[in-house]
Amino acid sequence: MKRRHFIKKASLTGVGLAVGSSLVSCDEAKSKEQSAEKTIANQSTATVPLVIATWHVIDATAKAMEILQADGNALDAVEQGCRVEEANEKGQSVGKGGLPDRDGNVTLDASIMDKHGNCGSVIYLQNITHAISVARKVMEDTPHVMLAGEGAKQFAVTKGFEPENLLTEASKEAWEKWKIEAKYKPIINIENHDTIGMLAIDKNGDISGACTTSGLAYKMGGRVGDSPIIGSGLFVDNEVGAAVATGLGEEVVKTVGSFLVVELMRQGKTPQDACEEAISRIVNKPNSDYKNFQVGYIAVNKQGKTGSYSIHQWFSMTKFQGGVNEQIQSDYFNKA
Ligand code: ASP
């Protein structure tokens, strides 16, 4: 392992090492290095690189890990991971094949954030499958943070994205069925898959995050959820950790949920406790209607510890760490 990487890994786990000092001989340094490496190896919850994502998306986390293992950075990993689900027409909550709004238009929201705190998002984007990559272009190639609607689409086209029809036959059929009654009700856990939020730590210990969604099925035209709102759907602070949300965006926005989770970790909470506290802020509001909607958070801290929590059962997190890519059922609030 290269020393530069090793020192970064050592500081990740709180294992200090006095290398570089003229008082430490090479042999001494080597043996300290070896014993520190062992310590790291034993802390299986704190190995990097790692990637976590909302819901059951092992192909997406596998793609992200492929990039991290090849010494790629966390930003590329989360973008490429999200693209896997955006291109998957069978997933009806993200990218191509996403369920439309009540007028039959598929409109996408996405955001991305890097280790420097730079961010970009697209809101109400139509006809472009890879909303996450457009969000990255907003971050890197414009002086802005958010682009919406037609402006976002025009920007994407100038960047070489091909416009296409995102409404698949299956989603059109589902929408036509919905129109018979046209009742609006948030669906708890759409087919075990919803907004894809992804957080990664690369081999350098740097954190990035991304999320992408077609938003609530059959929403009002023009509706924007939490996912493209920095601090609500996604927040990354490379000194502390990162969080991402899924579920009823309106409730996440009201508590600036992902920022809240990261700030709670900054105050010393574990990722798990921080996710639980953020959910408790929603369900403990006077007159909260939480029985009728779902919200879930996943989080990771700088040490590579992770957490996830939701209001209702069946939210899950996919985690790829230490060579294992697995779906983990989240603990949840509503056990009544
Ligand atoms: N959070 C997304 C939104 O409100 C949707 C979801 O994750 O179910 O747009």
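Whether any residue in region 183-202 is free of Cβ contacts under 8 Å to residues at least 12 places away in the same chain and farther than 21 Å from ALA87 by Cα is what I want to check. Checking region 183-202: at least one residue is free of Cβ contacts under 8 Å to residues at least 12 places away in the same chain and farther than 21 Å from ALA87 by Cα.
Residues that are open to solvent by 10 Å² or more (accessible area, probe 1.4 Å) and within 15 Å of the ligand (Cβ to nearest atom) within region 196-216 comprise GLY215, LEU216, listed in sequence order. One residue alone among THR195, THR158, THR168 is among the polar types (S, T, N, Q) and in contact with a Gly (Cβ under 7 Å, 6 or more places away or on another chain), and that residue is THR168. For region 221-255, the set of residues classified as in a loop (DSSP other than H, G, I, E, B) and away from the ligand (no atom under 12 Å from the Cβ) consists of GLY221, GLY222, GLY231, ASN238, GLU239, VAL240, THR255, listed by residue number. For the residues ALA135, ALA110, ALA148, ALA156, the requirement of being open to solvent by less than 10 Å² (accessible area, probe 1.4 Å), in contact with a strand residue (DSSP E or B) (Cβ under 6 Å, 6 or more places away or on another chain) and more than 13 Å from the ligand (Cβ to nearest atom) singles out ALA135.
Checking ASN73, ASN88 one by one, the residue that is open to solvent by 20 Å² or more (accessible area, probe 1.4 Å) and either closer than 15 Å to ASN165 by Cβ or modelled with pLDDT under 95 (or both) is ASN88 and no other. If we keep just the residues of region 261-295 that are of a type in the set (S, T, N, Q) and under 18 Å from the mean Cα position of the chain (by Cα), which is least open to solvent (accessible area, probe 1.4 Å)? Looking at the filtered set, the residue picked out is GLN294. Scanning region 80-104 for residues that are closer than 21 Å to VAL138 by Cβ and of a type outside the set (A, V, I, L, M) yields GLN80, GLY81, CYS82, ARG83, GLU85, GLU86, GLY95, LYS96, GLY98.
The values are calculated or read from the model by the stated rules, or taken from the named source; none is laboratory data. It should be emphasised that the depicted structure is a prediction, and the values quoted were computed from it without experimental measurement. Because the Cβ atoms are built from the backbone with ideal geometry, glycine has one as well, and the counts that use them run over all protein chains shown. All accessible areas refer to the heavy atoms of the entire protein, side chains included, with ligands and DNA or RNA removed. Shrake-Rupley method; radii C 1.70, N 1.55, O 1.52, S 1.80 Å.
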